[in-house]
Amino acid sequence: MKPTLLVLAAGMGSRYGGLKQMDPIGPSNETIIDYSIYDAIEAGFGKIVFVIRESFEQEFKALFNSKIAGRIEVEYVTQEIDKVPQNSKYNPEREKPWGTGHAILMAKNCINEPFAVINADDYYGAGAFKTMADFLATEATDEQNCMIGYNLKNTISENGYVSRGVCSTDKNGFLKEVNERTHIEQTKNGIAYKENEQWISLASDTTVSMNFWGFTPQLFKHLEAQFITFLEKRGQELKSEFYIPFVVSEIIKSGVTQFKVLKSDAQWFGVTYSEDKAKAVEAINNLIEKNVYPAKLWQDVSLPTN
């Protein structure tokens, strides 16, 4: 069974100033998602599941169905504030959904095979998709999942802070701990993250998570149980988020599943800020010049259908 790719595309782009997941960066109006889907198809994925918001559902479907229909199976699910387990309570004044862990949970009824998770606004590199697809096809079990790890220095934006999962691994390359740091940036003294108004340095070669995870469907049981607990403890907060690294850390502590870290030396680019777009456009053009991608991604080649 071919693995599935779950694309987290429900973000509203508050720092970017718009729907960054739909903003074109390629010469034929391709988005970052287009390149991720292209890489996933080439790597052997068999289905794409998008997590989006109801507010832009029709526009999003029209954009991507026109490009990839017939090339790979596609499903859509929506992430909304009120999509919580039965009898859960939360602050009615809350304005945004509950983060990446909640987003993944939205897909529990349409994924029954090993699957990968990515952000819609991050470029991961073709090699990383091949590495992930191979792992999901040959090594993934309920007791062994994985994560693509990147060097921190390759994932920093020149235009502001970013969120990354800072990882530590054991001698065998398995994840010991991942801590979500929501404010990492390049300072005059090097890369550092801000916590409680204090700056804490990070080595440039620190392994970080870019939310490129490989799971089996067993994850959904862990997600649902932890999300119920999260809402009980923090559901009344207006801005608390249920991040997937938190969930993974708890799974690791429980000892039920280990996470193999698969390293990538790819140079990240993304569109966290509107100023990032120019660099993303330049990076795609460079990859086209190197024949990594055709200039017209969906017209110049005939990718195999699923």
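The values are calculated or read from the model by the stated rules, or taken from the named source; none is laboratory data. All values reported here derive from a predicted model rather than from experimental measurement. Cβ sites come from the backbone with ideal geometry, for glycine too, and all protein chains shown count toward neighbours. SASA here: full protein model, heavy atoms, side chains in, ligands and nucleic acids out. Shrake-Rupley method; radii C 1.70, N 1.55, O 1.52, S 1.80 Å.
A few points about this structure:
- Alpha-carbon centroid distance for the pair the range 207-247 / the range 103-139, whole angstrom: 16
- For the chain, a crude dipole built from +1 on the beta carbon of Lys and Arg and -1 on the beta carbon of Asp and Glu, taken about the Cα centre, is about 260 debye to the nearest 20.
- Cα-Cα over 18 Å, subset of 171/194; 176/260; 130/253; 171/263; 188/279; 47/130: 171/194; 130/253; 188/279
- Residues listed by number, the range 115-147, amide nitrogen under 18 Å from residue 170 label point at 7 Å toward C-beta: 140-147
- Global geometry of the range 1-104, whether rounded, prolate or oblate, following the gyration tensor of its Cα atoms and the 1.5 cut on a/c: oblate
- Taking a ≥ b ≥ c as the square roots of the eigenvalues of the Cα gyration tensor, the range 193-306 is classed as prolate, since a/c reaches at least 1.5 and a/b is larger than b/c.
- Cα convex hull volume per residue for the range 97-142 (Å³): 91
- Probe 1.4 Å, accessible area per residue of the chain, Å²: 46
- Under a 5 Å amide H cut-off, with hydrogens placed 1.01 Å from N, residue 48 pairs with 5, 73, 74, 75 among residues at least 5 apart or on other chains.
- Dipole magnitude (debye, nearest 20) for the range 1-158, charges at Cβ of Lys, Arg, Asp, Glu: 180
- Farthest toward the positive end of the dipole of the chain, out of 287, 196, 58, is the Cα of 196, where the dipole comes from beta carbon charges about the Cα centre.
- Carbon-plus-sulfur accessible fraction, the range 231-295 (probe radius 1.4 Å, protein heavy atoms only): 49%.
- Spatial extent of the range 48-146: Rg and Dmax, with the Cα atoms as the point set, Å: 15.8, 46
- Amide H within-cut-off set for residue 149, under 5 Å, with H built and near neighbours excluded: 262, 263, 264
- Rg/Rh ratio calculated on Cα atoms of the chain (Kirkwood radius): 0.94
- Estimated 222 nm signal from helices in the chain, with DSSP H stretches of n ≥ 4 weighted -39500 (n - 2.57), rounded to 500: -8500 deg cm²/dmol
- The range 177-248: GluC sites (Glu not before Pro) in DSSP loop, at most 13 other beta carbons within 10 Å: 197, 237
- Placing unit charges on the Cβ atoms of the charged side chains and taking the dipole of the range 151-223 about its Cα centre, the candidate lying farthest along the positive direction among 182, 160, 217 is 217.
- Model label sites at residue 253 and residue 236, defined 7 Å from Cα along the beta-carbon direction, differ in position by 2.3 nm.
- Were the residues from residue 289 through residue 55 laid out at 0.36 nm apart, the gain over their Cα-Cα distance would be 80.6 nm.
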